[in-house]
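Notes follow the structure.
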Amino acid sequence: MKVSAQVLEAIETAIQVEKDGFAFYSEAAERIDSPQGRRMFKTLARDEAAHLKLFEDAREALLETGEWPSPEAVEAASPRRSVDPGVFPKGAEARSVEVPEYELDVLQRGIQAEEDSIAFYAEQRDQVDDPDARAMYAYLVEQEEGHRMILQGEYDYLAGTGFWFDFGEFDLSSAG
């Protein structure tokens, strides 16, 4: 199968997206004061590094054989990891600690980067005909959605928005 310039351009864009994500999360891990926050950002950086390798391997396979990696190869190259969503202090402990504005800014920037990645990978998934390519992009959409959810949950809690993982912590309409 001949690989189109459009497919290769999308792969190159994805490689850059993952490089940028790795750099962003690595820097955040170095600058965050909270040990739990550092651990979360290091885990996200490792995930982005795994995604980067996946795209580099996909590019190599496409150029050599014209074939996308199989879903099994994608799964093996980028194993699922669970990131502990409870990395920042909770309850009374959290309320007694002032959250540095930098930490909230990093979380917001991470959320936006994940949303951009999700949109790009979903667009690519919908444009390719190859079932293995669709499966790979679908897998990456799922991965990035998980990252966004973790970051959003931490942001909402630390910022005191009244939301936790996009759900209101209370509902005024049911108050009697």
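Rounded to whole numbers, the Karplus 3J(HN,Hα) couplings from phi for the stretch 115-132 are 5, 5, 5, 4, 4, 5, 5, 5, 5, 5, 4, 6, 9, 8, 9, 5, x, 5 Hz, using 6.51 cos²θ - 1.76 cosθ + 1.60 with θ = phi - 60°, and x at Gly and Pro.
For R46, R109, R148, which order do you get if you count the other beta carbons within 10 Å of each Cβ and list the fewest first?
Arranged by neighbour count, lowest to highest, R46, R109, R148 become R109, R46, R148.
The numbers here are math on the coordinates, done by the rules we state, and not lab data. What you are looking at is a predicted structure, and each value in this text was computed from that prediction instead of being measured. Using ideal geometry, Cβ is built from the backbone for each residue, glycine included, and neighbour counts are taken over all protein chains shown.
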